[in-house]
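Report on one structure; see the data block that follows.
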Amino acid sequence: MPDYLKLYCQTSELAELRKYLQSRLESSPISDALKLQLILAVEEVCANLIIHSHNCDKSEHIQVLVSQNQKEIVFEIRDQGNAFNILEYNTPEIKEVVGEKRKGGLGIILIKKIMDEIKFSTANGTNICSLVKKI
Amino acid sequence: MLELKHIEESPNHILEVQGEIDASNSVQLDEAMQEVIRTGTKNILVDCSGLEYISSAGLGVFMSYLEDFKEQGISFKIYGLSEKVFEVFKILGLDQLIPIFTDKDAALAS
């Protein structure tokens with residue numbers, strides 16, 4: 001199994017991402033429902049990057065790494081696009097999303113509700129978004 | 001992989017959703033919803049018993065119509081969600097905004 005997944009920047013790759021994460025979480029002592037939620041949160045970050053930072057340019061890619069120990073699972077998403085720091089985005093209220101009939105904003109709510117910690121850093125042109133789930 | 005089927009069982013229109021919905025195919029769900037709405041029906045049901053996964057792109061499609069449905073007096077119900085997928089609806093509080101039922105009979109009886 002590779003140490004990381006190289007994900008080309010097109011939305012059709014998201015199914016590949018889910019397959020990869022599923023296999024990495026296979027042996028985790030967490031429920032299937034939580035596995036699905038973690039996969040969803042990571043996918044939301046990656047979909048945002050693919051669409052908004054990389055404009056679905058399939059010649060570009062992002063990297064996804066998973067590490068886990070007895071206390072936590074850490075997902076690291078690295079890319080070299082325009083920094084998309086989800087921590088800087090206000091989390092909308094669900095009622096606002098309905099009222100404005102907008103299709104965006106839900107992903108950020110999901111990421112923040114599912115994960116215990118979100119970190120973002122940029123160094124030497126590489127952005128790293130870390131998502132931590134305590135187990 | 002996503003499969004969508006529009007079934008008319010007068011006076012209800014049922015949209016059967018099977019597979020996974022993400023940012024790559026949520027536009028198909030949107031088109032299917034529009035097709036159902038164009039019939040002018042006041043009773044829309046979405047059968048999610050074959051829905052294995054849905055990301056915010058798909059959930060956003062459902063949510064974007066809620067206000068219109070309210071204004072136009074259209075009844076919109078979802079049924080057949082698996083426990084795992086239902087959890088995702090609950091995280092967002094969508095179970096408070098959309099009537100969700102365990103199966104078709106329960107949805108029709110309400």
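The values are calculated or read from the model by the stated rules, or taken from the named source; none is laboratory data. Remember, it's a predicted structure, so these values are computed and weren't measured experimentally. Cβ coordinates were reconstructed from backbone atoms using ideal geometry, including for glycine residues, and neighbour counts include every protein chain displayed.
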Exercise. Of the residues that make up the stretch B:35-49, is at least one assigned to a loop (DSSP other than H, G, I, E, B), more than 10 Å from chain A (Cβ to nearest Cβ), surrounded by fewer than 19 Cβ atoms within 10 Å (Cβ to Cβ) and of a type in the set (D, E, K, R)?
Worked result: yes
For this session: Would you tally the residues in the stretch A:81-101 being within 26 Å of A:GLN22 (Cβ to Cβ) and away from chain B (no Cβ under 14 Å)?
Result: 2
Exercise. Which of (1) more than 14 Å from every other protein chain (Cβ to nearest Cβ); (2) over 13 Å from the mean Cα position of the chain (by Cα); (3) among the hydroxyl-bearing types (Ser, Thr, Tyr) does B:SER75 not meet, given it meets every other one?
Worked result: (2)
For this session: Consider A:SER28 carefully, then state whether it is exposed (fewer than 15 other Cβ atoms within 10 Å of the Cβ), of a type outside the set (A, V, I, L, M, F, W, C) and either within 11 Å of chain B (Cβ to nearest Cβ) or out of contact with any His (no Cβ under 9 Å at 6 or more places or on another chain) (or both).
Result: no
For this session: Test B:GLU52 against the stated conditions and say whether it is surrounded by fewer than 18 Cβ atoms within 10 Å (Cβ to Cβ), in contact (Cβ under 8 Å) with a residue 12 or more places away in the chain and not in a helix (DSSP H, G or I).
Result: yes
For this session: Would you check if A:GLU43 is among the acidic types (Asp, Glu), buried (at least 16 other Cβ atoms within 10 Å of the Cβ), within 11 Å of chain B (Cβ to nearest Cβ) and in contact (Cβ under 8 Å) with a residue 12 or more places away in the chain?
Result: yes
Exercise. Which condition number in (1) away from every other protein chain (no Cβ under 14 Å); (2) modelled with pLDDT of 80 or more is the one that A:MET115 fails?
Worked result: (1)
Problem set entry | Options A:ILE62, A:ILE108: the member that is in contact with an Asp or Glu (Cβ under 8 Å, 6 or more places away or on another chain), surrounded by 14 or more Cβ atoms within 10 Å (Cβ to Cβ), at the interface with chain B (Cβ under 10 Å from one of its Cβ atoms) and in contact (Cβ under 8 Å) with a residue 40 or more places away in the chain | A:ILE108
Problem set entry | Matching entry among B:PHE62, B:PHE89, B:PHE69 (being within 14 Å of chain A (Cβ to nearest Cβ), surrounded by fewer than 17 Cβ atoms within 10 Å (Cβ to Cβ) and assigned to a helix (DSSP H, G or I)) | B:PHE69
For this session: Please identify the pairs in which a residue from the stretch A:70-92 that is without any contact (Cβ under 8 Å) to a residue 40 or more places away in the chain has its Cβ atom under 7 Å from the Cβ atom of a residue that is of a type outside the set (A, V, I, L, M, F, W, C), counting only partners at least 6 apart or on another chain.
Result: A:ASN82/A:SER53; A:THR91/A:LYS112; A:PRO92/A:GLY105
For this session: Those residues that are acidic (Asp, Glu) and outside any strand (DSSP E or B), I need them from the stretch B:8-34; list them, please.
Result: B:ASP22, B:ASP30, B:GLU31
Seminar exercise, completed: Restricting attention to the stretch B:92-104, the residues that are within 11 Å of chain A (Cβ to nearest Cβ) and assigned to a loop (DSSP other than H, G, I, E, B) number exactly 3
